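Structure first, commentary second.
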Amino acid sequence: MCEDNQTTVTEIFLIGFQNIHKFRVVFFSLAFLMYMFTFLGNLLIILLVSYNYSLHRPMYFFISNLSLSDLILTTTIIPNMLAIIWSEGGSMSIYGCIYQYYFLCVATFAQCCTLLVMSFDRYLAICFPLRYSSIMDMTFSIHFVLASWAMGIVLLKIEVIMLSQLQFCSSNIIDHFFCDFAPLLALSSSEVYILVWFDFAFCIVVFFFPFVYIIVSYICIFIVVFKMSSRRKAFSTCISHLLVVCIYYSSLIAIYISPSSSTSFDENRIKSLFFVMLTPFTNPIIYSMRNKEIIETVRRFYIKMKLKP
């Protein structure tokens, strides 16, 4: 409980971005355009995979699921971030702050699971092509994706319940543009030892193990590919996924693992911007520009719409 001379915090104030008064309109416009491109690009991929029967295959299903998690992640953070940029700060309730963190983590969990199963898909396709169709079918893909979303929703709900039990007294200012785990704990007046260890264990399972599995999978893929005569063709099927993995995990490592000064708030904001904006922004570009079937589907759709009276 808060002491007598302390007030219980019911509202969080997010400072957002300081010292950008001269560039506020430019920054807002750029962030808005990037968000619209990200939203429409990922939505287009989901619609193309959903309505085109030729794309009803595991890899494209995983790509559309990656796009869905990108949509949830960006829509959870960026609209509120735009309001903060425009108003030079913004408030939200303590429970709104906790649930913003919750949806961010659920989307991140789904992305990690999707990238893991996509690496397994490429591993099977290249290392065990004769067994691929018997293992990696749409039934397995749908069950895996549904299980990963359900697991993320349930496990992270436990963390949200633990966060909601914390007491927040006096200070209500977060020097960031969204609610993250460390800033929330810094505001709390409660004992957070158990919560920190729960989050650490969860991160090991969700982020570290999938990352290690992806690395091991690609080591096996490289070994097999370099023994092939048509190695360029075989490796080209992995390029898009490998690029997304590199961008995604480099941003996660930069934010949550690489050391930074406690006073380097601007550096932390830049790293977080890279994760919540640039990564989802590049995913549709990578998968559409490097995928002939998606490009052909878009081309046919455009011609069909053009020929309509």
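With a 1.4 Å probe and all protein chains left in place, how much of the accessible area of the chain comes from carbon and sulfur atoms, in whole percent? Mind showing how you got there, number by number?
Values: 11640 of 16520 Å².
Summing carbon and sulfur atoms, their accessible area is 70 percent of the total for the chain.
Report the net charge of residues surrounding Met138, where surrounding means a beta-carbon distance below 13 angstrom and charges are Lys +1, Arg +1, Asp -1, Glu -1.
On the way: positive: Arg57; negative: Asp121, Asp137.
In short, -1.
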* Structure fact -> Relative to the chain, whose Cα atoms define the longest principal axis, helix 24-51 and its Cα axis are tilted in degrees, nearest 10, by 40 degrees
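Taking only protein heavy atoms into account and a 1.4 Å probe, give the accessible area per residue of the chain in Å².
Values: 16520 Å² over 309 residues.
Ligands and nucleic acids excluded, the result is 53 Å² per residue.
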* To do: Find the percent of Cα-Cα distances in the range 99-182 that exceed 21 Å, and round it to a whole number.
  => 48 percent
* What ratio of Cα Rg to 2.2 N^0.38 Å holds for the range 52-202? -> 1.29
* Once both axes come from the Cα atoms, what is the angle between helix 209-225 and the longest principal axis of the chain, in degrees from 0 to 90, rounded to 10? -> 20 degrees
* Asked: Which residues' amide hydrogens lie under 5 Å from the amide hydrogen of Phe168, considering only partners 5 or more residues apart or on another chain, with H built in the peptide plane?
  -> Val9, Ser189
* **Shape metrics for the range 128-168, restricted to C-alpha atoms - Rg then Dmax, Å** => 17.6, 58
* Along the principal axes of its C-alpha atoms, what lengths does the range 1-135 span, in descending order and rounded to whole Å? -> 69, 42, 25
* To do: Note down the relative contact order for the range 82-217 as a percent, whole number, built from C-alpha pairs under 8 angstrom at least six residues apart.
  => 36 percent
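Determine the relative contact order of the chain: mean sequence separation of Cα pairs under 8 Å and six or more apart, normalised by residue count, in whole percent.
Working: 323 pairs, mean separation 84.5, N = 309.
The normalised contact order for the chain reaches 27 percent.
The values are calculated or read from the model by the stated rules, or taken from the named source; none is laboratory data. Everything quoted here is computed from the prediction, not taken from an experiment. Please note: Cβ atoms are built from the backbone with ideal geometry, for glycine as well, and neighbour counts cover all protein chains shown. Please note that ligands, DNA and RNA were not included when accessible areas were found on the heavy atoms of the full protein model with its side chains. Shrake-Rupley method; radii C 1.70, N 1.55, O 1.52, S 1.80 Å.
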